[in-house]
Amino acid sequence: MRRAELIPSLLVPDEAAFRARIALLGDVAQAVHIDVMDGVFVANTTWADPAAIRNMHLPFVIEAHLMVTHPERLVDDWIMAGARRVFVHVEAPGNPLAAVEAMRAVGREGGLAINPETPVSRIADLLAELDAVLVMGVKPGWSGQAFQSVALSKVAELKRLRPELRVGVDGGVTPPIAADLAALGCDAVVAAHALYDAPDFKKAVEDFEKALAG
Ligand code: DX5
Ligand code: ZN
């Protein structure tokens, strides 16, 4: 079985917290998932300043998760920031597909995220135009929520419909859940609480790596 990837998330209130997390991840992560919240599409905000992040020259693959309305208005900023992959919500008011197309037009990856209540059927006709799908394991907005198992069947369904599509899962993922997701063919899991709030951060990373090795 192909190894799935662990992508630590950065859901932070300010730049100091962002830098602290980046320092922690320096040794262990190849990619980071930056949570971008506007206080409108979700009732929370995060620090995620694309100009400042560009100037950090981070040694990671950057994936941006835009939990915002009108994500098409932000996507150029994230291209400038160096994001390899951007996820926008299919549920977002505005033109999320234009954001996906803007990423693909510059040779980056564009994907759609789907909330727990959104069925795969909502995006089934669009899969050929996407590089990736992000299946939410929680209602977006906060770290530390319990995983909703509906995400498991969505991963299986997406992989059945389009095996070559990159499928990631975000929210509530723990090492045992990561093992279940990897067995279904999931390509990447995003995690915050199960990593940063674990008693031993390095051991939590190892537990995820073992779970994802299949
Ligand atoms: C939720 C965010 C997630 C979050 C995951 O709105 O999109 O990326 O950081 O955090 P945990 O792993 O704590 O659910
Ligand atoms: Zn996220």
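Quick notes
- 15 Å cut-off, amide nitrogen to a point 7 angstrom out along VAL40 Cα→Cβ, residues in segment 92-111: 92-96
- Taking other C-beta atoms within 10 angstrom as a stand-in for reagent exposure, SER143, SER153, SER121, SER9 fall in the order SER121, SER153, SER143, SER9, fewest first.
- Over segment 1-104, equivalent-ellipsoid semi-axes from the Cα gyration tensor in Å: 22, 16, 13
- Between ASP27 and LEU161, the modelled label-to-label distance comes to 4.2 nm, taking each label 7 Å out from Cα in the direction of the beta carbon.
- If you wrap the Cα atoms of segment 5-213 in a convex hull and average its projected area over all directions, you get 10.3 nm².
- Share, in percent, of DSSP beta bridges within the chain that are antiparallel, nearest 5: 5 percent
- Residues of segment 158-186 with amide N under 17 Å of the 7 Å Cα→Cβ point at ASP200: 175-176
- Paramagnetic reach from VAL61 (point 7 Å along Cα→Cβ, amide N under 18 Å) across segment 162-186: 163-171, 182-183, 185-186
Laboratory data are not the source of any read-out in this text; all were calculated from the coordinates shown. This one's a predicted model, so the numbers in the text were calculated from it and none came from an experiment. Every residue, glycine as well, gets a Cβ built from its backbone with ideal geometry; the counts of neighbours run over all protein chains shown.
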